[in-house]
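Trainee: Before I ask anything, let me first share the structure, which is written out below as C-alpha cells.
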Amino acid sequence: MTAMTDPRTFAATAHAGQTYGSEPYTAHLDAVAEIVRGVDPSPIAATVAYLHDVVEDTEISTVDLYHAFGPRVATAVMVLTDPPGYPNRKTRKAALHQTLARLDPSGPAERLALLVKAADRLANVRACVASDPSKLKMYRKEHGEFRPACFRPGLCDEIWAELDGHLGGAS
C-alpha cells in the first residue's frame, strides 16, 4: 500500500453516486470496517473492509488494487468478489460459497477475506434489522449455505454469534 492511498477515500471515490438504501454507499463500508476493527484492528483489515465491493460494483480492477494496495489486499478482495456470468443471485452466491469453503484461513489474504465476508454479512443483517426486516428472510434462507462456507472456529466467533442470533444456526 502506498503511503498516499487512503482506502476509505479510494472506495468513496470508486463508489461515488452509489447508495446503500437511502444512505451513501460509504455508510455500508464504514459499518463493515467498524465490525472488522472490533476483531482485527490492523490497518490492512480495515483496508480490505473498505475495498471489499470495489471490484464487484465499480470500474476498479484487481490489478488497480494490486498497484494501489499490494497483493494481499488485492487477493482478499478478489476472493470476496462475486464471480461474473451467473444468471441469478442463488447460483452466483453458490459459486462464491464454493470458493470461500476452500479457503485456508492460515493464509493472510484468505483470513482477511473470511473475516471481511462475515463482517459484510453482519453489516447487511444489522441494516435489515434496523430498516428492512423483510429482507432478513433472504439472509435466513442463505445462512444454511453461507455459514458452512465461511465460518472458521476462532476466527471471528463474536461476529458469528450475532449472525447466528439473527439468522439461526450454530452458536
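Any read-out appearing in this document is the output of simple, stated calculations on the displayed coordinates, not a laboratory observation. All values derive from a computational prediction rather than experimental measurement. Positions of Cβ are generated from backbone atoms using ideal geometry, with glycine treated the same way; all protein chains shown enter the neighbour counts.
Trainee: Could you tell me which of rounded, prolate or oblate describes the range 1-51, using a ≥ b ≥ c as the square roots of the eigenvalues of the alpha-carbon gyration tensor, with rounded for a/c under 1.5 and, failing that, prolate when a/b is larger than b/c and oblate otherwise? Display every interim value, and only then the final one.
Mentor: Working: a/c = 3.70, a/b = 1.28, b/c = 2.90.
Because a/c hits 1.5 or more and a/b fails to exceed b/c, the range 1-51 counts as oblate.
Trainee: Is the shape of the range 81-171 best called rounded, prolate or oblate, per the rule: a/c under 1.5 gives rounded, else a/b larger than b/c gives prolate, else oblate, with a ≥ b ≥ c the square roots of the Cα gyration tensor eigenvalues? The partial results should precede the final answer.
Mentor: On the way: a/c = 1.84, a/b = 1.13, b/c = 1.63.
Since a/c reaches 1.5 but b/c is at least a/b, the shape of the range 81-171 is classed as oblate.
Trainee: Counting alpha carbon pairs within less than 8 Å and at least 6 residues apart, what relative contact order, in whole percent, applies to the chain?
Mentor: Contact order relative to length: 20 percent.
Trainee: Based on the Kirkwood radius over alpha-carbon pairs, what is the Stokes-Einstein translational diffusion coefficient of the range 52-133 at 10 °C with 1.306 mPa s viscosity, in µm²/s?
Mentor: Numbers: Rh = 13.6 Å.
Rounded to a whole number, D works out at 117 µm²/s.
Trainee: Got a sec? Which residues in the range 75-92 would a label at Glu59 touch, if it sits 7 Å along Cα→Cβ and we count backbone N under 16 Å?
Mentor: Under 16 Å, as judged by backbone N against the label point of Glu59, lies no residue of the range 75-92.
Trainee: Same structure, new question: Would you look at the GNM of the chain, springs on alpha carbons closer than 10 Å, and say which of Arg126, Arg147, Arg102 moves the most?
Mentor: Taking springs between Cα atoms under 10 Å, the residue moving most is Arg102.
Trainee: Name the most mobile residue of Ala46, Ala27, Ala109, meaning the one with the largest mean-square fluctuation, in a Gaussian network model of the chain with Cα contacts below 10 Å.
Mentor: Maximum among the listed residues: Ala27.
Trainee: Which of the aspartates and glutamates could a cross-linker bridge to Lys137, judged by Cα under 18 Å and excluding same-chain residues fewer than eight apart?
Mentor: Cα-Cα hits under 18 Å: Asp120, Glu145, Glu162, Asp164.
Trainee: By Kyte-Doolittle mean hydropathy of at least -0.5 and Cα axial length of at least 27 Å, which whole DSSP H helices of the chain are selected?
Mentor: 108-131
Trainee: For the chain, I need the span (max minus min coordinate) of the C-alpha atoms along each principal axis, in Å, sorted largest to smallest.
Mentor: Dimensions of the chain along the principal axes of its Cα atoms: 42, 38, 34 Å.
Trainee: Among Met138, Met78, what is the fewest-to-most ranking by other Cβ atoms within 10 Å?
Mentor: Met138, Met78
Trainee: With r defined as the distance between the Cβ atoms of Asp104 and Asp157 and R0 fixed at 25 Å, what FRET efficiency is calculated, to the nearest 0.05?
Mentor: Working from the Cβ atoms, E equals 0.85.
Trainee: Related question: Using the beta-carbon distance between Thr13 and Ala130 and R0 = 35 Å, what value does 1/(1 + (r/R0)^6) give for FRET efficiency, to the nearest 0.05?
Mentor: Computed FRET efficiency for Thr13 and Ala130: 0.85.
Trainee: Separate question: Calculate for the chain the 222 nm mean residue ellipticity that helices alone would give, adding -39,500 (n - 2.57) per DSSP H run of length 4 or more and normalising by residue count, nearest 500 deg cm²/dmol.
Mentor: That comes out to -21000 deg cm²/dmol.
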